[in-house]
Amino acid sequence: MNKRIEQLRKQSIETKPKLSLERALLITEFYKEIDVFNDSPPIRRAKAFKHILDNKKICINEGELIVGERGPEPNATPTYPEVCCHSIQDLEILNSRPKVSFKVSEEDYCQTKDKILSFWKNRSIRDQIFKQMEDSWINAYEAGIFTEFMEQRAPGHTVAGKKIWNKGFLDFKKDIQNRIDNLDFFNHSEAFNKREQLRAMNIAADAIIDFALRYSRELSRVAESETDKTRKEELREMAEICAYVPARAPRTFWEALQHYWFVHLGVIIEYNTWDSFNPGRLDQHLLPFYMNGLKDGSLTKERAVELLQAFWVKFNNQPAPPKVGVTAEESNTYTDFCNINIGGLKEDGSNGVNELSYMLLDVIEEMRIVQPSSNVQISKKTPEEFLIRALSIIKTGFGQPSIFNTDVIIQELIRQGKSIKDARNGGASGCVEVGAFGKESYILTGYFNLVKILEITLYNGIDPQTGKQIGLKTGIASDFNSFSELLEAYKKQVRHFIDIKIKGNQIIERIWANSPAPFLSIIIDDCIIKGKDYNNGGAKYDTSYIQIVGIGSITDALTSLKYNVFDQKTMTMEKMLEILENDFQGYETIHQKLLSKTPKYGNDNDYADEITKQVFNIVYNAIENRPNTKGGKYHINLLPTTVHIYFGKVTGATPDGRRAYMPLSEGISPVQGMDTNGPTAVLKSAGKIDHVRTGGTLINQKFTPELFHTKEGITKIAHLIRAYFEMGGHHIQFNVVSADTLRKAQVSPELYRDLIVRVAGYSDYFVNLGVDLQDEIIRRTEHTSC
């Protein structure tokens, strides 16, 4: 990278994240001081969006080529009080916690108390949600049975499609007006509501155009006083670009990147959508602009790389809005989960890898920053050299890119009802979640704790941590005469808690339907055609996901009960419960037997893996294809982010030998340290899950760096990946770092500030992770060979 990029990268990495109340104050000002309550909800939200963009600070960083920040400056993170209003205590925690902290100024404390809390307390979406929830939901939530994503985040997790690269917002305005002109007020009762929604989209389109023009004017002003002739000319060109896009469709490579960035800012400023908004299939979207630029001489490869590197920095300047409480436990990181998709297939089914695919890998390797995240989509048609190139980056211990099975992603999406064309244009966002890019509202509703439900099943519906009866009375554990009776009781409890969660989800969806997102609605098919909001069924496809956590832990726990209590009969159920209640204290011999002499998931052992399949089917049948309130369906995926740490903290000792309050297994990975037959056996176990019936599964593997030192070693890893994908695996990712290095980093963090590891579906600085999460990563089995 050149000196300019080095400086921008350094600024991005070294600037301490801080809280910015700019957006919170602007939206509070709007709702308090402007007469908006005569407007419909979508018009009101659109006007609020415009008020923010018309008044937020314009930031132009020295030397940058792409402009625009979510906050007033890099790493200044806004809050969203209409969604979740942070208390003074929350701010104190954010300011003082040793990791993933946000600096909060004294003025911020005062303004929060005097201007923000005084207005938004009891008015926020979060407050509305908790007011509407029944005791059964509250009890399950507090017990750690499940979490709720939208208590502090807006619906989102969507991805931009290729449409935004081919249309400007003046084009969208024409589409909107055409739809308004063709509304039938005589025969359709929803015509008025549709018109209000479409008018709101029109206001939002004007807002993003005017926002770019504000940047254009400021760039022109800065150019006038610039003394360096080269930079002066750059600033003038940037001013012209911002005057042209996003009002009009981009014509050049530079315009395309700036155009997308304004769209990105619009989405994440309008609401704190559950992270993850990203530009989709970036190599395919940018290729025409790149090739045309080379052809007409307006672009060189070197300039394209520099522009992409500058683009990368913009993502890293945007820490995720701060989370508190359980939500912080779910995802305690600065990472905003933007996940760039590279490779895969074209919509005609041919290989999608192109020259830009390799260029993007070069950028990822050289920039080596945690945001944006990245992945490569690998199909049977993907050239082997592309997979090898990705692995040559992974071997550096960066944790990026992760690797996805394009062929399985397409099967997953088609099974859910997407067209083959939309499926091929889709991919992954966030950690591993799949969707039809630009056409789908796919909402993650929260995590679901499989292991806690077993604990409650063993106590006849009582949570032994609190003594509350929160589950069904499915029978005294010691009365079960067979494993099938126990599994049937577990199945009933799973269904009971899924019912509670989905009922809560349905209520929350309706609350959010009254809190429109008119800007996001513009760019997602078919919101304009339907005249409906993204939050209210406007998208072509509407999917609700529930994230299943702890498949490895629940498998091993149930396997232990089957093996030791019912099949081998080496102990009674009463004895097992006694041992668990004592957290194995005084039972060391039995503890070691449970840990090392009982079949475990992740070792290609059919005894254990058959239970994995049974649990998968129980959860799948409880969730799959149940209707949401927007015309879509519920599906499952299996990923934890960092919630397996929190879920472990609320769950006592388990029959597999796990001590009380220790982390659960993450993703579909085995319990940490319990896979003893090598990486191939792990993938064979994981391959017995039917990944096509999910919307994504996550598996981590950890290898010693030495394995990647030779071409032969990398080739073996490539073959391992191909074999797993032949078995139907959805995703795989790697940590290439020794446990010894990680332990040293724990002891001397100041010497390892640049050490990046793969956590779950994202990479992060190891020293920024909590000790529990650091220990969990260290305990993951370290493979030395394939």
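The values are calculated or read from the model by the stated rules, or taken from the named source; none is laboratory data. Please read all numbers here as calculations on a predicted model, not as lab measurements. With ideal geometry, Cβ positions are generated from the backbone for all residues, glycine too; neighbour counts draw on all protein chains shown. Just so you know, the surface numbers come from the protein's heavy atoms only, side chains and all, with ligands and any DNA or RNA stripped out. Shrake-Rupley method; radii C 1.70, N 1.55, O 1.52, S 1.80 Å.
Can you send over the carbon and sulfur percentage of the accessible area for the range 491-539, probe radius 1.4 Å, protein chains only? Kindly include the intermediate steps, with their values, before the conclusion.
Details: 700 of 1340 Å².
Of the solvent-accessible surface of the range 491-539, carbon and sulfur hold 52 percent.
For the residue pair E233 and K301, what label-to-label distance in nm results when each label sits 7 Å from Cα along the Cα-to-beta-carbon direction?
It is 2.3 nm.
Tell me the carbon and sulfur percent of the accessible area for the range 354-448, rounded to whole percent, probe radius 1.4 Å.
Numbers: 1110 of 2170 Å².
After summing per-atom areas, the C and S share lands at 51 percent.
Could you order I777, I529 so the one with the most accessible surface comes first? Probe is 1.4 Å. Write down the numbers at each step before the final one.
Values: I777 0, I529 110 Å².
So, going from the largest accessible area down, we get I529, I777.
To the nearest 20 debye, what is the magnitude of the charge dipole of the range 486-564 about its Cα centre, counting +1 on the Cβ of each Lys and Arg and -1 on the Cβ of each Asp and Glu? Don't skip to the answer; put the middle values down first.
Details: 10 positive and 8 negative charges, 56 e Å.
Dipole size: approximately 280 debye.
Pairs K562/K613; K503/K630; K597/K716; K600/K716; K346/K684: which are spaced more than 20 Å apart, C-alpha to C-alpha?
Values: K562/K613 15 Å; K503/K630 14 Å; K597/K716 31 Å; K600/K716 25 Å; K346/K684 29 Å.
Pairs exceeding the cut-off: K597/K716; K600/K716; K346/K684.
When only Cα pairs under 8 Å and 6 or more residues apart are kept, what is the percent relative contact order across the chain? Numbers along the way, then the final one.
Values: 1570 pairs, mean separation 111.0, N = 786.
Answer for the chain is 14 percent.
Would you check the accessible area of T598, probe 1.4 Å, heavy atoms only, in square angstrom rounded to 10?
10 Å²
Find out how many positive minus negative residues lie around E509, taking Lys and Arg as positive, Asp and Glu as negative, among other residues whose Cβ is under 14 Å from that of E509. Please list the in-between numbers first.
Numbers: positive: R153, K501, K503, R510, K532, R626, K630, K633; negative: E148, E151, D533, D542.
Its environment carries a net charge of +4.
Can you give the FRET efficiency for Q506 and A660, using 1/(1 + (r/R0)^6), R0 = 30 Å, r = Cβ-Cβ distance, to the nearest 0.05? Provide the component values of the computation, followed by the final result.
Details: r = 34 Å, r/R0 = 1.14.
Computed FRET efficiency for Q506 and A660 comes out at 0.30.
Listed highest first by mean packing, meaning other Cβ atoms within 10 Å per residue, what order do 277-284, 736-743 come in?
277-284, 736-743
Can you work out the Karplus-derived ³J(HN,Hα) for every residue in the range 656-661? Use 6.51 cos²θ - 1.76 cosθ + 1.60 with θ = phi - 60°, whole Hz, and x for glycine or proline.
7, x, 5, 6, 4, 6
Relative to the longest principal axis of the C-alpha atoms of the chain, give the angle of the C-alpha long axis of helix 41-55, reported between 0 and 90° and rounded to the nearest 10°.
60 degrees
Based on Cβ point charges of +1 for Lys and Arg and -1 for Asp and Glu, what charge dipole magnitude is obtained for the chain about its Cα centre, in debye rounded to the nearest 20?
Details: 98 positive and 102 negative charges, 190 e Å.
In total the dipole reaches around 920 debye.
Tell me, what HN-Hα J-couplings in whole Hz come from the Karplus equation 6.51 cos²θ - 1.76 cosθ + 1.60 at θ = phi - 60° for each residue of the range 496-512, using x for Gly and Pro?
Running phi through 6.51 cos²θ - 1.76 cosθ + 1.60 with θ = phi - 60° gives 4, 6, 5, 4, 4, 5, 5, 4, x, 4, 4, 5, 5, 4, 6, 4, 6 Hz.
Can you tally the net charge around K421? Count Lys and Arg as +1, Asp and Glu as -1, for every other residue whose Cβ sits under 9 Å from the Cβ of K421.
Working: positive: K418, R424; negative: E347, D348, D422.
That works out to -1.
Given the protein chains as shown and a 1.4 Å probe, how many square angstrom of Y724 are accessible, to the nearest 10?
Counting only protein heavy atoms, Y724 exposes about 0 Å² to solvent.
Of all DSSP beta bridges located in the chain, what percent are antiparallel, nearest 5? Write out the running numbers ahead of the final one.
Working: 13 of 48 bridges.
Counting only bridges with both partners in the chain, antiparallel ones make up about 25 percent.
Provide the net charge surrounding L769, with neighbours chosen by a C-beta distance below 12 Å and charges set as Lys +1, Arg +1, Asp -1, Glu -1. Please report the intermediate quantities before stating the final value.
Details: positive: K99, R758; negative: D764, D772, D775, E776.
Computed value for this residue: -2.
Where in the range 538-599 are there trypsin sites (Lys or Arg not before Pro) that are in a DSSP coil and have at most 11 other Cβ atoms within 10 angstrom of their Cβ? Please list the in-between numbers first.
Values: sites: K540, K562, K569, K575, K593, K597; in loops: K540, K569, K597.
Sparse-neighbourhood loop trypsin sites (Lys or Arg not before Pro): K569.
Give the carbon-plus-sulfur fraction of the accessible surface of the range 154-207 in %, rounded to a whole number; probe 1.4 Å, heavy atoms of protein chains only. Please list the in-between numbers first.
Numbers: 1190 of 2540 Å².
That share works out to 47 percent.
Measure nothing but the geometry: give the 0 to 90° angle between the long axis through the Cα atoms of 355-367 and the longest principal axis through the Cα atoms of the chain, rounded to 10°.
80 degrees
Scan [x] 42.6; [y] 34.8; [z] 32.8 for the value of mean projected area of the Cα convex hull in nm² calculated from this model and give just the label.
Checked against the structure: label [z].
Rolling a 1.4 Å sphere over the protein heavy atoms, what is the accessible area per residue of the chain, to the nearest Å²? List each step's numbers first, then the result.
Working: 27210 Å² over 786 residues.
So the chain comes to 35 Å² accessible per residue, rounded to a whole number.
What value, in deg cm²/dmol to 500, does the helix sum -39500 (n - 2.57) over DSSP H runs of n ≥ 4 give at 222 nm once divided by the residues of the chain?
Numbers: 32 runs with 378 residues, N = 786.
The helix contribution divided over the chain gives -15000 deg cm²/dmol.
Got a sec? Charge dipole of the range 91-195, +1 on Cβ for Lys and Arg, -1 for Asp and Glu; which of T112, F186, W165 is way out at the positive end?
So the residue furthest toward the plus end is W165.
Using heavy-atom solvent-accessible surface (probe 1.4 Å) with all chains present, what is the largest-first order of D114, D583?
Numbers: D114 100, D583 40 Å².
Sorted by accessible area, descending: D114, D583.
Measure nothing fancy, just the Cα-based angle from helix 384-394's long axis to the longest principal axis of the chain, in degrees from 0 to 90, nearest 10.
That works out to roughly 80 degrees.
With all protein chains present, calculate the accessible area of L21 using a 1.4 Å probe and round the result to the nearest 10 Å².
Spelled out: L21, probe radius 1.4 Å, area about 10 Å².
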